[in-house]
Structure formats: C-alpha cells, structure tokens
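Here's the structure, in structure tokens; my notes come after.
The values are calculated or read from the model by the stated rules, or taken from the named source; none is laboratory data. These numbers were taken from a predicted model, which means no experiment stands behind them. Quick reminder, even Gly has a Cβ in these numbers, built from the backbone with ideal geometry, and neighbours come from all protein chains shown. Protein only, heavy atoms only, side chains kept; ligands, DNA and RNA dropped before computing areas. Shrake-Rupley method; radii C 1.70, N 1.55, O 1.52, S 1.80 Å.
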Amino acid sequence: MSLPYRLLDRDGGEVAAVSEFLLDMLANDDSPASLRSYAYELLAWFRFLWAVEVPWERAGRVEARDFALWLQAVKKPPRPRRLDAPPPGSINPVTGKRYPGEHYAARTRRHARAAVRSFYEYHREMHGRPLLNPFPKARRAEDEHLNAHHNPMQPYRRPARRAPYQPKEPRRAPRGIPEQAFNELFAGLPSHRDRALVAFYVSAGPRASELLGVTRDRVSPGDQTIGVVRKGSRALQWIPASSDAFVWLRLYQQQLRPLALDGPDEPLWWTLRRPLRPLSYDAARMVFTRANEKLGANWTLHDLRHSAAKHMVRDPALSITDVQWVLGHLHVATTEQYLEPAQEEVVAQVLAHHARQAAEPLRPVMPAPGYRPEVLQTLLGTAVLGGGPA
C-alpha cells in the first residue's frame, strides 16, 4: 500500500526512516489525517536537525532541549492577511476570543514532542537504535502507564511531573456561541446550503469534517437522522438533528437538483459555483469566515459543535452519556467539560444575583438576648436594626 504522505530531504530524496514509521502507523489503522499531522511535525524536527547538522539517529537531549526552545521562540510561517486584519494575538471585541498568535501554541508544541518521541520509540523497538530517545518519558516510571486501565466514569489522573521539554497543558473551557450572536450570524448566511450546514452543526454537534463527508444515502429525513463517519473510530453513526436542519437541507437540494449528481454515493454538499465540486473544509470555513466578517466576529465551525454540546448538557431530560454518544466522545470525562460554565456566563449570573440582592427590601436584624442594642446600633447602624435610616 502506498503512503499518502512522504518526507523529502534537502536534496529531494525520500527519508526512509520516516516513511517506515508512517507505514507502521498506516498498518495500525491510523487515518491519513493522522499521518499528515505526524509527517509535518517530523518535517519540523528534521529541518531543525539539518540546520544544526546532526544526523537524526545521533540526536540527544541537547538537540531536544534546543528544539523545544526553538519552537517557543520561532514565529509561524506567515499566511496571507488583509491589510485591515486584526493583529495576531489580539482579542476580538465581539466574541472575546483571542486571534491566533505569531508563535506556536502550547498544544502544537506538545503534539510536536509526542510525534517525535513516537518516531524514536518505534525505531528503538524495531531496530534497537538509537539507544536513547531524545525526548524521555515522565520522571516516574509508574507515570508511563498511569491511565492504562482508566475507568471512563472517572477523570483522568495526571502524572506528578511533566516529562522533560513538554509544555504545560493549557486548560480551556469550551465556549459556545450566545443565542443573540448565533441569530445574527445565521441571518448573515447567504445561501440555503450554508444555513443547512450550520443548522446541522448546531443541532447534532458533528465535527466539521464529519458533516462534510456525508453522502446522499446517509440522510434519513423520516427518522430525522444523518449518518456521519466518526473522526477517531471511523465508524458510521446515525445521529439525530433538528427538523429545521432538514428543512434547510431540502431547500438547498431543490436549488441544486438540476445540476448535482443524484447517485447514493455522491457527496451531499457541493460548491455553488460551476463547475460543481464537492465542498471542502477550507471552502466551508471561508463561507463561515465571510459571515463572521459582517459582524466583526471570529467564531469558528468548531464553536458550533461547542454550542450544540452546551445546549444538550443543559437539558435535564438528557443524561451525560446521551450527550457523549451524540458527540462521539470515547470517554465521558471529555463530555463533562461542557458542564463547566464559561466565564461570561458566571459573570452574568453573579451580576444578576447582586441585582436581586439590591432589589430585596432590607430585613432588620433582631439582636440576640444579652447584647446591648446601643452597641449593636453603633456597629451595624440604625437601618439594619430596624430603627430607620442610619
């Protein structure tokens, strides 16, 4: 079987060690997207080693340390930006979300370390070289299998100390789109196709790639379900969606019917311009970005999934395991993160609490027997003791 991705050296030749590792990942039934992700992380590592002129099999802790420092300091490759685009790392005034910064995020650096470590562990186990992994495991031996027999009903246990050169794991609470902001965003969508997509995202909570991969034979309006192939397990799962989503889908199909292919294996989502092509993730993201620009917001497609999860966990008729199944989470602990309120929700609730407290009439305090009223009046005031304004 041919590899979907390969790593080339500076002379254009294939790096055999990386191809062998990627082939092993393919044999382990890892998805092409995972191979692509690991290949890019290994590309950064090999480019670093080529720059310092160290062969990959001779890299040690010094190179691992310098690579970690380089990832912290280097700026990401620039992407085309509009002249009026907000500065990297700034906060959007509408959503309160931060734009991507110029440097690599901690999650990206953690993934890079994990990919390179896995590459070296494979070669150590298969060929016995190199003898040492440049990126060692956690400090304590028992941390290596800390969650090997993890109970999905319990939260994950964390190792006592992080592994060397492993960035701290950021803790971010998922944020959904507020109702008013979603209504404004939905009103700004230009076509029935885009309204159908967003309606499915916000009611069924699939990942962006999962919904875009739906074919025509995986839509059941009678059952009000849609079949998606899950990102991790790649298993077909029929998930329920709102009736509004199917209404918008029908309107979109009526517009497209004279042009699109009607075969059961044909994609459900197409571009609106001729010649028709299957709608890609980048094209769907750009449609959503243009709707954002009208509002000055920076919501993402994944925020729609967060919104769907937030709405479901707040429904007392749905259990947390129901929501876990719909979202396709392997562990219930992943779903439980949606139980945590967002910062703006807590602030709004506490401010409402203070408003209710201020609106309530002041109740006089009755002193307990043995306390002198004049002393309490001096300490608490006349109004509190029921004697009129202080």
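Scanning segment 29-40 for residues that are in a helix (DSSP H, G or I), farther than 22 Å from Arg129 by Cβ and of a type outside the set (A, V, I, L, M, F, W, C) gives Pro32, Ser34, Arg36, Ser37, Tyr40. Residues in segment 213-227 that are open to solvent by 40 Å² or more (accessible area, probe 1.4 Å) and over 11 Å from Gln237 (Cα atoms): Gly213, Arg216, Asp217, Pro221, Gly222, Asp223, Gln224.
For segment 46-73, a residue qualifies if it is part of a loop (DSSP other than H, G, I, E, B) and more than 18 Å from Phe135 (Cβ to Cβ), and exactly one does: Glu53.
Determine, yes or no, whether Leu42 is touching a Lys or Arg at 6+ places or on another chain (Cβ under 7 Å) and within 22 Å of His103 (Cβ to Cβ). Considered against the rule, which asks whether it is touching a Lys or Arg at 6+ places or on another chain (Cβ under 7 Å) and within 22 Å of His103 (Cβ to Cβ), Leu42 comes out as no. For segment 286-319, a tally of residues being among the basic types (Lys, Arg) and touching a helix residue (DSSP H, G or I) at 6+ places or on another chain (Cβ under 6 Å) returns 1.
Out of all the residues in segment 48-69, is one or more within 30 Å of Glu293 (Cα to Cα), open to solvent by 30 Å² or more (accessible area, probe 1.4 Å) and among the acidic types (Asp, Glu)? Please lay out each step first, then the result.
Quick first cut of segment 48-69, residues within 30 Å of Glu293 (Cα to Cα) only: none.
No, every residue in segment 48-69 fails to be within 30 Å of Glu293 (Cα to Cα), open to solvent by 30 Å² or more (accessible area, probe 1.4 Å) and among the acidic types (Asp, Glu).
Within segment 170-201, track down each residue that is over 28 Å from Ala106 (Cα atoms) and within 18 Å of the chain's Cα centre (by Cα). Hits for segment 170-201 are Val198, Phe200. Just name the residue that is least open to solvent (accessible area, probe 1.4 Å) out of those in segment 327-339 that are out of contact with any Lys or Arg (no Cβ under 8 Å at 6 or more places or on another chain) and not in a helix (DSSP H, G or I). Of everything passing the filter in segment 327-339, His329 is least open to solvent (accessible area, probe 1.4 Å). Residues of segment 45-89 that are among the acidic types (Asp, Glu) and under 28 Å from the mean Cα position of the chain (by Cα): Asp84 alone.
Of the residues Leu26, Leu22, Leu43, Leu3, the single one that is at pLDDT below 95, surrounded by 15 or more Cβ atoms within 10 Å (Cβ to Cβ) and assigned to a helix (DSSP H, G or I) is Leu26.
A quick yes/no check of all residues on (1) more than 27 Å from Gly296 (Cα to Cα); (2) open to solvent by 100 Å² or more (accessible area, probe 1.4 Å):
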{"site": "Lys76", "(1), (2)": "no, no"}
{"site": "Arg79", "(1), (2)": "no, yes"}
{"site": "Gly89", "(1), (2)": "no, no"}
{"site": "Pro93", "(1), (2)": "no, yes"}
{"site": "Gly128", "(1), (2)": "yes, no"}
{"site": "Leu131", "(1), (2)": "yes, yes"}
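Reported count of residues in segment 301-326, each being open to solvent by less than 60 Å² (accessible area, probe 1.4 Å) and part of a loop (DSSP other than H, G, I, E, B), is 1.
Take Val287 and decide whether it is in contact (Cβ under 8 Å) with a residue 40 or more places away in the chain, among the β-branched types (Val, Ile, Thr) and either surrounded by 20 or more Cβ atoms within 10 Å (Cβ to Cβ) or part of a helix (DSSP H, G or I) (or both). Yes; evaluated as a whole, the condition is true for this residue. If you go through segment 236-257 and keep only what is open to solvent by 50 Å² or more (accessible area, probe 1.4 Å) and under 25 Å from the mean Cα position of the chain (by Cα), you end up with Leu236, Trp238, Pro240.
The residues of segment 206-248 that are of a type in the set (Ser, Thr, Tyr), at pLDDT 95 or above and assigned to a loop (DSSP other than H, G, I, E, B) amount to a single one, Ser242. Exactly one residue out of Asp29, Asp11 is more than 30 Å from Trp299 (Cβ to Cβ) and over 27 Å from the mean Cα position of the chain (by Cα): that is Asp11. Just one of the numbered conditions (1) modelled with pLDDT under 85; (2) assigned to a loop (DSSP other than H, G, I, E, B); (3) open to solvent by 80 Å² or more (accessible area, probe 1.4 Å) is not true of Ala138; which one? Answer for Ala138: the failing condition is (3).
Can you spot a residue in segment 102-109 that is over 21 Å from Val62 (Cα atoms), out of contact with any Cys (no Cβ under 7 Å at 6 or more places or on another chain), among the charged types (D, E, K, R) and in a loop (DSSP other than H, G, I, E, B)? Checked against the condition, which is being over 21 Å from Val62 (Cα atoms), out of contact with any Cys (no Cβ under 7 Å at 6 or more places or on another chain), among the charged types (D, E, K, R) and in a loop (DSSP other than H, G, I, E, B), segment 102-109 yields at least one hit.
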